[in-house]
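Enquirer: After the structure tokens below, expect a handful of questions from me.
The values are calculated or read from the model by the stated rules, or taken from the named source; none is laboratory data. Everything numeric here is computed off the predicted structure, so don't read it as measured data. Neighbour counts run over all protein chains shown; Cβ positions are idealised from the backbone, glycine included. Remember, those area values only see protein heavy atoms, side chains included, never the ligands or the DNA or RNA. Shrake-Rupley method; radii C 1.70, N 1.55, O 1.52, S 1.80 Å.
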There are 4 protein chains.
Amino acid sequence: MNESDPTAAWSLERFQAMMSRCPFNRWLGLKALSFGEDGVEILLPWREELLSSPEAQSMHGGVLASAIDAAASYAIAMRVGHGIPTVDLRVDYHRIAKPGDYTIRGRVIHFGRTFASGEAQVYDAERTLVASGRGLFFSGVAAQRPLPRPHA
Amino acid sequence: MNESDPTAAWSLERFQAMMSRCPFNRWLGLKALSFGEDGVEILLPWREELLSSPEAQSMHGGVLASAIDAAASYAIAMRVGHGIPTVDLRVDYHRIAKPGDYTIRGRVIHFGRTFASGEAQVYDAERTLVASGRGLFFSGVAAQRPLPRPHA
Amino acid sequence: MNESDPTAAWSLERFQAMMSRCPFNRWLGLKALSFGEDGVEILLPWREELLSSPEAQSMHGGVLASAIDAAASYAIAMRVGHGIPTVDLRVDYHRIAKPGDYTIRGRVIHFGRTFASGEAQVYDAERTLVASGRGLFFSGVAAQRPLPRPHA
Amino acid sequence: MNESDPTAAWSLERFQAMMSRCPFNRWLGLKALSFGEDGVEILLPWREELLSSPEAQSMHGGVLASAIDAAASYAIAMRVGHGIPTVDLRVDYHRIAKPGDYTIRGRVIHFGRTFASGEAQVYDAERTLVASGRGLFFSGVAAQRPLPRPHA
């Protein structure tokens, strides 16, 4: 980024409000932690309902995918001005996602006129990387048209 | 598949029980519809909490990713005998996921000794394809060892 | 596809000509085998230069990725009327790609106004699946504008 | 990496030799530029045969995928001691890949006992990001066994 900070118009409250407009995000309990030129940081609090199995006691992969999608898309949304639709997503699960709160860092890879690429990392309470991923998102005029909106 | 049906030992009740051991699957409300040599079919019922935004009235992308993960992994799990961990996942969002119940079809792409590839398609109430994806899953001895278990 | 065949205007010669305009495809030796409503079929002939290692005697993963990209994109190109740019690509390697000629089948997953999703399977000389993948491609107006053209 | 540099046993000559054992890498002309704890850097020289189309004058997407696969896998190979097989790969094409030499940076995302994740970025001669991607690779005992070796 060689211009002035494109996220300057945002506040943590406005970031949280954009996330919380989404009913599924509210259920997940996503909290806006920070944002800036380098991306965003989101908290995903542990909860029994997010488990994959009682024995494994690990966070469900679909929940981590949702958090990666959120962090990557909101890093891009900060430059667009509002939530944007996801086009596709890839998630890699690196380790057991043990009980505890998670921090997800999202970052813009490339911001284009029509599409943008973003990535995100999921860290557990001990700051260990447990999952990461990248996705493609509508960034431009296309997002205003009545096109796919799988993700607000 | 050039052998006898590897899913012969299963019943719809046992398939449902494997899915419902997972707290997040129970919250999603996933229902076992059918299974066989060609794969599995799962129902994802519509619910307001699964929305991406009140305006868009579309199913959240993370919910669809979870359903694709589930259908692909359970198609493979049928041959392993129990739930298996997801290694990675890719999801493509093709259209707006409108209000209504969804049917997800999961299928084995390749079943290997250490890992297996599976895919799944998400259809809306009008049988229109709205999303699809594929993933890599642990299928073998590796799954018994204390390795990553992001998904039961 | 519930309309008339959208590939009716094509011939095998025109399909081959579209592929062979690409210098890298010519070097790979890609041959048009067939096409139709259900997709396209391409031949990738074995050659020592396409090996990953002298010991492994297996086809290089990058070559298989190129063939998957080609087959998926040309299945979509048949409906657009010309070669189209790839937006992103995912490839899964299922087995050792042993010496012998390969057949790649490409198919449209979803054809949209701005982009399209396609997939492809790579089969060895014994008709065993050795690799498969899916990608996103520009399908519409976007393809006419001076946007990314990593793939003709 | 909080231990001593795991790539200490390598030299640029040995890195180049590992790459050049692969006939397809030799044809691509991949050159080892640097390596260290933070990853590897590879040069992909421009050549007419690597074009996607004469009009577009852009590097073929399959060639960029091959270079991303190489850089990510060799960053991991440095810790394993030899070339490793690719399990799967995702590539995103961000911009037109214009004529000129390319530099590819590969990095380890997560190094596990059985699998490892790596990523790579492709920069053009003006140091602009044109493509990037990530993959999963065999890192452990599995690599010694006669398992899939799509990539040396």
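Enquirer: Please work out, to two decimal places, the log10 of the ratio I(q)/I(0) at q = 0.18 Å⁻¹ from a Debye calculation in which every Cα of the range B:60-103 carries one identical scatterer.
Expert: One equal scatterer on each Cα of the range B:60-103 leads to -0.60.
Enquirer: Please return the longest range in chain D lying between exposed loop sites, taking GluC sites (Glu not before Pro), DSSP loop only, at most 12 other beta-carbon atoms within 10 Å, and leaving the sites out.
Expert: Value returned for the longest uninterrupted segment is D:56-125.
Enquirer: Evaluated at 25 °C with a viscosity of 0.890 mPa s, what Stokes-Einstein diffusion coefficient in µm²/s does the range C:12-91 have when Rh comes from the Kirkwood expression over alpha-carbon pairs? Please report the intermediate quantities before stating the final value.
Expert: On the way: Rh = 13.3 Å.
Calculated translational D: 184 µm²/s.
Enquirer: Placing a label point 7 Å from Cα toward Cβ, how far apart in nm is A:Pro45 from its equivalents in the other copies, listed shortest first to one decimal?
Expert: 2.7, 6.0, 6.6
Enquirer: Interface size between chain C and chain D, please: total buried accessible area, 1.4 Å probe, rounded to the nearest 100 Å².
Expert: 3200 Å²
Enquirer: Okay, next question. For the rotation taking B to C, I'd like to know which residue in chain B has the C-beta closest to the axis, plus that distance in Å.
Expert: Minimum Cβ distance to the axis, with residue: B:Arg90, 2.
Enquirer: Between A:Ser58 and residues 5 or more places away or on another chain, which pairs have amide H atoms under 5 Å apart, with H built 1.01 Å from N, and which residues are they?
Expert: For A:Ser58, the qualifying residues are A:Ser52, A:Ser53.
Enquirer: Here is a further query. Which whole-number percent of Cα pairs in the protein assembly as shown have a distance greater than 42 Å?
Expert: Counting every Cα pair in the protein assembly as shown, those more than 42 Å apart make up 15 percent.
Enquirer: To continue, here is another question. Could you state the accessible area per residue of the protein assembly as shown in Å², with a 1.4 Å probe and every protein chain left in place? Mind dumping the intermediate values first?
Expert: On the way: 20810 Å² over 608 residues.
Counting only protein heavy atoms, the per-residue value for the protein assembly as shown is 34 Å².
Enquirer: C:Glu48 to D:Ala125: FRET efficiency via 1/(1 + (r/R0)^6), r the Cβ-Cβ distance, R0 30 Å, to the nearest 0.05?
Expert: Calculated transfer efficiency: 0.45.
Enquirer: If you place +1 on the Cβ of every Lys and Arg and -1 on the Cβ of every Asp and Glu, how big does the dipole about the Cα centre of the protein assembly as shown come out, in debye to the nearest 20?
Expert: On the way: 64 positive and 64 negative charges, 1 e Å.
Value, rounded to 20: 0 debye.
Enquirer: In debye to the nearest 20, how big a dipole does the range A:21-136 give about its Cα centre with +1 on each Lys and Arg Cβ and -1 on each Asp and Glu Cβ?
Expert: 320 debye
Enquirer: Something else about it: Taking every pair of alpha-carbon atoms in chain B, give the share separated by more than 21 Å as a whole percent.
Expert: 40 percent
Enquirer: Given C-alpha coordinates of the range C:66-132, what is the ratio Rg to Rh with the Kirkwood estimate of Rh?
Expert: 1.01
Enquirer: Taking only Cα atoms, what is the 0 to 90° angle, nearest 10, from helix C:61-80's long axis to the longest principal axis of chain C?
Expert: So the inclination is approximately 20 degrees.
Enquirer: Taking a point 7 Å out from Cα toward Cβ as the label site, list the nm distances between A:Glu126 and the same residue in every other copy, smallest first.
Expert: Copy-to-copy label distances at A:Glu126, shortest first: 4.5, 4.7, 5.1 nm.
Enquirer: Sticking with this structure for a sec: Of all accessible surface on the range A:3-152 at a 1.4 Å probe, what whole percent is carbon and sulfur?
Expert: That share works out to 52 percent.
Enquirer: How well do other chains shield peptide B:97-107, expressed as the mean number of their Cβ atoms within 10 Å of each residue Cβ?
Expert: Mean partner-chain Cβ count within 10 Å for B:97-107: 0.
Enquirer: In deg cm²/dmol and to the nearest 500, what is the mean residue ellipticity at 222 nm of the protein assembly as shown if only DSSP H runs of at least 4 residues count, each as -39500 (n - 2.57), divided by the residue total?
Expert: So the helix-based figure for the protein assembly as shown works out to -7000 deg cm²/dmol.
Enquirer: Just checking the output field for B:78-90: average partner chain Cβ neighbours within 10 Å of each residue's Cβ?
Expert: Counting Cβ atoms of other protein chains within 10 Å of each residue's Cβ and averaging gives 6.
Enquirer: Okay, next question. So which lysines pass the test for D:Lys98, namely a Cα distance under 30 Å, with those fewer than 8 places away in the same chain ruled out?
Expert: Output for D:Lys98: C:Lys31, D:Lys31.
Enquirer: Taking each label point as 7 Å beyond Cα in the direction of the beta carbon, state the distances from C:Ala9 to the same residue in the other copies, shortest first, in nm.
Expert: Sorted ascending, the copy-to-copy spacings read 4.2, 5.5, 6.0 nm.
Enquirer: Per-residue mean of other chain beta-carbon atoms within 10 angstrom of the beta-carbon, peptide D:46-57?
Expert: What the average comes to for D:46-57 is 5.
Enquirer: Using only Cα atoms, locate the centre of the range D:77-143 and the centre of the range B:1-69, then give the distance between them in Å, rounded to an integer.
Expert: 33 Å
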